[in-house]
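Computed from the coordinates by the stated procedures, all read-outs in this text should not be read as laboratory data. If you're wondering where the values come from, they're calculated on a predicted model, not measured in any experiment. Here the Cβ positions follow ideal geometry from the backbone for every residue, glycine too, while neighbour counts run over all protein chains shown.
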Amino acid sequence: GDSVTQMEGPVTLSEEAFLTINCTYTATGYPSLFWYVQYPGEGLQLLLKATKADDKGSNKGFEATYRKETTSFHLEKGSVQVSDSAVYFCALSDRGGYGNNRLAFGKGNQVVVIP
Amino acid sequence: ETGVTQTPRHLVMGMTNKKSLKCEQHLGHNAMYWYKQSAKKPLELMFVYNFKEQTENNSVPSRFSPECPNSSHLFLHLHTLQPEDSALYLCASSQGENYEQYFGPGTRLTVT
């Protein structure tokens, strides 16, 4: 079935550093891809999305490009801030029928930004 | 209220108690979801409702009983839970054509 794989382990980096979180996917069709962010004590928030190959999603300085040839949707930010410390989830939608979109989530990556 | 709301935000219950979690979405969506998020496992989809009808039960134990009286409200009734059921329970909703799901803040459940 459809699945998402995120790189293992937490990510710790200094303020203003460049952030990359890898995400690869397996899908039989043409999924939509998402990045969600979860701040401490909160639910998941949609960060950005891309619905077809070569689309670039962007929000709050974060970007990710839907790469069909490498089945990837890596998240990047050029200069992180302490406030970006959170857990980041990559997800895909299997488009399981009208009005009902089931998301397959990756395991998430804890990002810790040190001042 | 906007978005997806969940009550209570925190709940402590004994193994013999009965309690309910409530979720309400103010987005006009037609699908609603319950997820379990624990420290040891990735996000787990529990139940899916579409136009008030349950379309998925992801092998969830019967001590968790969902209820969806209308497209805006979703409940999770809890009884005789186990300590390993302690987790963050997240509710989400979606509209068919947009694909993204919108999440509530979650209920942090502790079973003692």
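Would you confirm, using the coordinates I've provided, whether A:L47 is closer than 23 Å to B:P42 by Cβ, within 14 Å of another protein chain (Cβ to nearest Cβ) and buried (at least 17 other Cβ atoms within 10 Å of the Cβ)? Steps first, answer last, please.
Details: closer than 23 Å to B:P42 by Cβ: yes; within 14 Å of another protein chain (Cβ to nearest Cβ): yes; buried (at least 17 other Cβ atoms within 10 Å of the Cβ): yes.
The answer is yes for A:L47.
Looking across the range A:59-73, the residues that are among the hydrophobic types (A, V, I, L, M, F, W, C) and in a strand (DSSP E or B) come down to A:F62, A:A64.
Consider the range B:47-79. How many of its residues are within 12 Å of another protein chain (Cβ to nearest Cβ), surrounded by fewer than 20 Cβ atoms within 10 Å (Cβ to Cβ) and either part of a strand (DSSP E or B) or in contact (Cβ under 8 Å) with a residue 40 or more places away in the chain (or both)?
Taking the range B:47-79 as the starting set, the residues that turn out to be within 12 Å of another protein chain (Cβ to nearest Cβ) are B:47-56, B:58, B:71.
Keeping just the survivors that are surrounded by fewer than 20 Cβ atoms within 10 Å (Cβ to Cβ) gives B:51-56, B:58, B:71.
Checking which are either part of a strand (DSSP E or B) or in contact (Cβ under 8 Å) with a residue 40 or more places away in the chain (or both) leaves us with B:53-56, B:71.
Going through the range B:47-79 one residue at a time, the tally reaches 5.
From the list A:S72, A:S58, A:S83, pick out the single residue that is buried (at least 16 other Cβ atoms within 10 Å of the Cβ) and touching a strand residue (DSSP E or B) at 6+ places or on another chain (Cβ under 9 Å). Within the list A:S72, A:S58, A:S83, the selection yields A:S72. In the range B:1-26, of all residues being loosely packed, with under 14 Cβ neighbours inside 10 Å and under 17 Å from B:S71 (Cβ atoms), the one that is nearest to the chain's Cα centre (by Cα) corresponds to B:H26. The conditions of being part of a strand (DSSP E or B) and either of a type outside the set (G, A, S) or within 14 Å of chain B (Cβ to nearest Cβ) (or both) are not met by A:K107.
Out of the residues in the range A:1-44 that are of a type in the set (A, V, I, L, M) and in contact with a Lys or Arg (Cβ under 8 Å, 6 or more places away or on another chain), which is farthest from the other protein chains (Cβ to nearest Cβ)?
So in the range A:1-44, the residues of a type in the set (A, V, I, L, M) come out as A:4, A:7, A:11, A:13, A:17, A:19, A:21, A:27, A:33, A:37, A:44.
This time we only want the ones that are in contact with a Lys or Arg (Cβ under 8 Å, 6 or more places away or on another chain), so: A:19, A:33.
On the way: A:L19: 21, A:L33: 10 Å.
Restricting to residues being of a type in the set (A, V, I, L, M) and in contact with a Lys or Arg (Cβ under 8 Å, 6 or more places away or on another chain), the top hit is A:L19.
One line per residue, one yes/no per condition, for (1) among the hydroxyl-bearing types (S, T, Y); (2) in contact with a Phe, Trp or Tyr (Cβ under 9 Å, 6 or more places away or on another chain):
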| residue | (1), (2) |
| --- | --- |
| A:G29 | no, no |
| A:K68 | no, yes |
| A:Q81 | no, no |
| A:C90 | no, yes |
| A:S93 | yes, yes |
| A:R102 | no, yes |
| A:F105 | no, yes |
| A:Q110 | no, yes |
